[in-house]
Amino acid sequence: TATTQASATVSVTVPIAVTHVDGRALSFGTITVGTGGKVKVNAAGVATFGGDVGEVTGSSTSADAFTVEGDPNRRFDIVTTDGRIRNGVDSMKFKTEASADRGTLSSLGTASFTVGGVLTVRGTESEGDYTGRYDARVTYD
């Protein structure tokens, strides 16, 4: 019989965290639905309107914003989910598009990203204010 010693190791790092920037939201603006179409808000907050969906003059659109904190110089992945906005009677689906699929934390352990999206309008939605939610998740690469 023979016995020997082996070793075990672990490296503990700072947990990664994502925070929603206060006052920011993915906003598709104020629209007229017509016979339906799409509203696309890019990661910079600029919108394009397709189909029979119109933008109301004076309306504004915006991309959402998040900050990330964690282990300095470490790469991370960004995943956002699709969602649905509702006004109590009707709903509309939207897909989200983060400004990047991946990022790298700075030497201070910080980074940021924005989220735009595409709203699908059927053309049968009633007038009113619609709200909804989606998730943003970051994980170390």
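The values are calculated or read from the model by the stated rules, or taken from the named source; none is laboratory data. Please read these numbers as outputs of a predicted model, since none were measured by experiment. Cβ: placed from backbone, ideal geometry, glycine included. Neighbour counts: every protein chain shown. The protein model used for the area step is the full one, side chains on, heavy atoms only, and it has no ligands, DNA or RNA in it. Shrake-Rupley method; radii C 1.70, N 1.55, O 1.52, S 1.80 Å.
So here's what we get for this one:
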quantity: Normalised contact order of the chain, rounded percent, pairs of Cα under 8 Å and 6 or more residues apart; calculated: 29
quantity: Ranking by accessible area, most exposed first, for 78, 16 with a 1.4 Å probe; calculated: 16, 78
quantity: Between region 72-130 and region 1-28, the alpha-carbon center distance in angstrom; calculated: 24
quantity: Most mobile listed residue (26, 108, 119) in the chain, GNM with C-alpha springs under 10 Å; calculated: 108
quantity: Rough spin-label spacing in nm, given labels placed 7 Å along Cα→Cβ, for residue 17 and residue 129; calculated: 3.0
quantity: Calculated from backbone phi, Karplus (6.51, -1.76, 1.60) coupling profile of region 24-29 in Hz, x at Gly/Pro; calculated: 9, 7, 7, 10, 8, x
quantity: Highest-fluctuation residue, 30, 61, 96 considered, GNM on the chain with Cα pairs under 10 Å; calculated: 30
quantity: Per residue value of the accessible surface for region 44-137 (all protein chains in place, 1.4 Å probe), Å²; calculated: 56
quantity: Amide H partners (placed H, <5 Å) of residue 14, local residues excluded; calculated: 71
quantity: The chain - convex hull of the alpha-carbon atoms, volume per residue in Å³; calculated: 159
quantity: Percent RCO, i.e. relative contact order, over region 56-115, from Cα pairs under 8 Å lying at least 6 residues apart; calculated: 46
quantity: Against the rule of thumb 2.2 N^0.38 Å, how large the Cα Rg of region 2-83 comes out; calculated: 1.92
quantity: Residue 9 paired with residue 82, simple spin-label distance in nm, labels 7 Å along Cα-to-beta-carbon; calculated: 4.5
quantity: Accessible surface ranking that places the most exposed of 53, 14 first, with a 1.4 angstrom probe; calculated: 14, 53
